[in-house]
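Participant: This structure is in structure tokens; I'll ask about it shortly.
The values are calculated or read from the model by the stated rules, or taken from the named source; none is laboratory data. Only a predicted model underlies this, so the values are computations on that prediction, with no experimental measurement involved. Every residue, glycine among them, receives a Cβ derived from its backbone with ideal geometry; neighbour counts consider all protein chains shown. Each accessible area value is taken on the protein alone, full model and side chains, heavy atoms only, with ligands, DNA and RNA left out. Shrake-Rupley method; radii C 1.70, N 1.55, O 1.52, S 1.80 Å.
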Amino acid sequence: MFPRVNYIGNKNKIVDWIISGIPSDVHTVIDGFAGGGSVAYSLKENGYSVIANDILYSSFVVNKALIENDEEIIDIDELGAADNYSISNKVSKRLEFLAEKLYFPSEVEELAKLISYAEENLTGYKYWMFLALLRRAMIRKLPYSRMNLNWENIVKLRDEQYSYAKYGRKRAYHNNSFISHMLDALDEYNLAVFKTKSNIIVEQLDIVQLLEKYPTGDLLYLDPPYPGTMNNYDGFYGAFDLMFDKKNSHINLTSQKDFLDQMHLILKNAQNGYKYAMISLNNSIKPSFTEFSEMISHFGKVSIFDKKHNYQVSGSDTKQKNIELLALIEFDKNTLNKEFLTR
């Protein structure tokens with residue numbers, strides 16, 4: 001079972017339904033926006049060869065640790081050694097921006113200690129496992145599991161008495177140490193590592209760069225950050241990328257004005273080299289589902305599947321009732337690549 005990765009928007013609850021829609025002649029899947037890796041992990045479990053890509057380094061480390069990695073685990077003694085390690089001045093300076101922005105100064109010191117240990121002592125998949133656990137701990141300590149709250153709200157929401165008065169529980173886990181959160185998740189993450197005979201590759205590329213590097217494949221799976229949804233993943237997790245100087249530029253798919261043009265570009269780049277594209281979306285997307293369907297119909301035969309899916313925003317008492325949609329395009333290579341105009 002895939003471990004809880006505290007990643008907003010993950011498809012863990014409906015991943016079996018997604019996998020069931022893959023045509024029988026598909027053996028290799030390129031996951032262009034892999035996020036926390038729920039779909040890519042399930043693809044690995046089901047014996048597919050997978051290229052799991054996401055532009056965020058925070059996603060890249062999770063996917064390196066739990067999808068590409070099929071052998072290495074972290075020992076509890078290694079976490080103990082990290083908890084007593086000396087801070088590197090280089091790392092300390094790199095993390096200065098986090099103090100009283102996301103964490104208290106003493107917590108930033110703990111982070112610097114843990115990262116210093118990892119960068120000076122760990123290599124290969126042990127390093128990625130360590131960073132994946134650290135990333136989980138960082139998110140676990142933040143209200144709403146996001147890195148885009150302002151400091152005033154973080155301090156208020158981490159006050160256990162305030163939390164108890166407002167939510168009926170103290171949420172003390174926000175104030176636990178990073179290392180304690182890593183230890184809590186250690187067994188779960190280690191147990192998630194398994195061997196496969198399939199070929200697994202993890203990348204951190206812009207989607208256009210990805211298709212340039214891998215111009216052919218059986219199926220391209222896309223779950224992009226749609227306009228009109230909780231799509232600010234740079235804001236949610238970008239601080240992690242900045243900590244390691246791994247923030248990369250990418251095309252913007254969050255603009256309603258440009259979304260259809262950008263998606264058309266992605267599909268056009270895939271059309272000649274891939275058999276299929278599979279796209280996850282829901283009934284709340286903007287532009288509308290009708291507009292989106294019209295655009296993708298230019299690329300070949302389109303089949304649409306639907307499933308009810310409740311998605312609860314962290315901290316909210318109400319669930320948003322969505323219809324999860326899955327569009328399968330069987331590319332027609334004889335279709336002329338005419339320019340697509342949204343206006």
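Participant: Restricting attention to the range 123-137, and to residues there that are out of contact with any Phe, Trp or Tyr (no Cβ under 9 Å at 6 or more places or on another chain) and part of a helix (DSSP H, G or I), which single residue is farthest from Asn69 (Cα to Cα)? Walk me through it before giving the result.
Facilitator: Looking only at the range 123-137, we keep the residues that are out of contact with any Phe, Trp or Tyr (no Cβ under 9 Å at 6 or more places or on another chain), and these are 123-127.
Applying the additional criterion that residues be part of a helix (DSSP H, G or I) yields 124-127.
Details: Gly124: 9, Tyr125: 6, Lys126: 9, Tyr127: 11 Å.
Among those that are out of contact with any Phe, Trp or Tyr (no Cβ under 9 Å at 6 or more places or on another chain) and part of a helix (DSSP H, G or I), it is Tyr127.
Participant: While we're here: For Lys113, are the conditions met, namely being in a helix (DSSP H, G or I) and open to solvent by 80 Å² or more (accessible area, probe 1.4 Å)?
Facilitator: Spelling it out, it is not the case that Lys113 is in a helix (DSSP H, G or I) and open to solvent by 80 Å² or more (accessible area, probe 1.4 Å).
Participant: Same structure, new question: Are there any pairs, at least 6 apart or on different chains, whose C-beta atoms fall under 9 Å, with the first in the range 302-313 and modelled with pLDDT under 70 and the second open to solvent by less than 80 Å² (accessible area, probe 1.4 Å) and in a strand (DSSP E or B), and if so, which?
Facilitator: Pairs that qualify, where the first residue is modelled with pLDDT under 70 and the partner is open to solvent by less than 80 Å² (accessible area, probe 1.4 Å) and in a strand (DSSP E or B), are His309/Asn282; His309/Asn322; His309/Ile323; His309/Glu324; Asn310/Asn322; Tyr311/Asn282; Tyr311/Asn322; Tyr311/Glu324.
Participant: Separate question: Six or more apart or on different chains, Cβ atoms under 6 Å: show the pairs whose first residue is in the range 104-128 and polar (S, T, N, Q) and whose second is at pLDDT 95 or above.
Facilitator: Pairs found: Ser116/Tyr85; Ser116/Ile87; Ser116/Ser88; Ser116/Val91.
Participant: Out of Glu72, Glu78, which single residue is under 15 Å from Trp128 (Cβ atoms), charged (D, E, K, R), open to solvent by 30 Å² or more (accessible area, probe 1.4 Å) and assigned to a loop (DSSP other than H, G, I, E, B)? So that I can check it myself, show each step before the final result.
Facilitator: Values: Glu78 fails: assigned to a loop (DSSP other than H, G, I, E, B).
Selected residue: Glu72, the only one of Glu72, Glu78 that is under 15 Å from Trp128 (Cβ atoms), charged (D, E, K, R), open to solvent by 30 Å² or more (accessible area, probe 1.4 Å) and assigned to a loop (DSSP other than H, G, I, E, B).
Participant: Among the residues of the range 81-110, count how many are of a type in the set (Asp, Glu), part of a helix (DSSP H, G or I) and either open to solvent by less than 30 Å² (accessible area, probe 1.4 Å) or modelled with pLDDT of 95 or more (or both).
Facilitator: Selection size over the range 81-110: 4.
Participant: If you scan the range 16-54, which residues turn out to be crowded, with 22+ Cβ neighbours inside 10 Å and assigned to a loop (DSSP other than H, G, I, E, B)?
Facilitator: Hits for the range 16-54 are Gly32, Phe33, Ala34, Gly35, Gly36, Gly37, Tyr48, Asp54.
Participant: Between a first residue in the range 161-186 that is over 18 Å from Phe104 (Cβ atoms) and a second residue that is in a loop (DSSP other than H, G, I, E, B), which pairs have beta carbons less than 6 Å apart while being 6 or more apart in sequence or on different chains?
Facilitator: What qualifies is Tyr164/Lys170.
Participant: When the range 266-293 is examined, which residues are found to be assigned to a helix (DSSP H, G or I) and either open to solvent by less than 70 Å² (accessible area, probe 1.4 Å) or at pLDDT 95 or above (or both)? If you could, list the steps in order and put the result at the bottom.
Facilitator: Filtering the range 266-293 for residues assigned to a helix (DSSP H, G or I) gives 266-271, 289-293.
Of everything in the range 266-293, those that are assigned to a helix (DSSP H, G or I) and either open to solvent by less than 70 Å² (accessible area, probe 1.4 Å) or at pLDDT 95 or above (or both) turn out to be Ile266, Leu267, Lys268, Asn269, Ala270, Gln271, Phe289, Phe292, Ser293.
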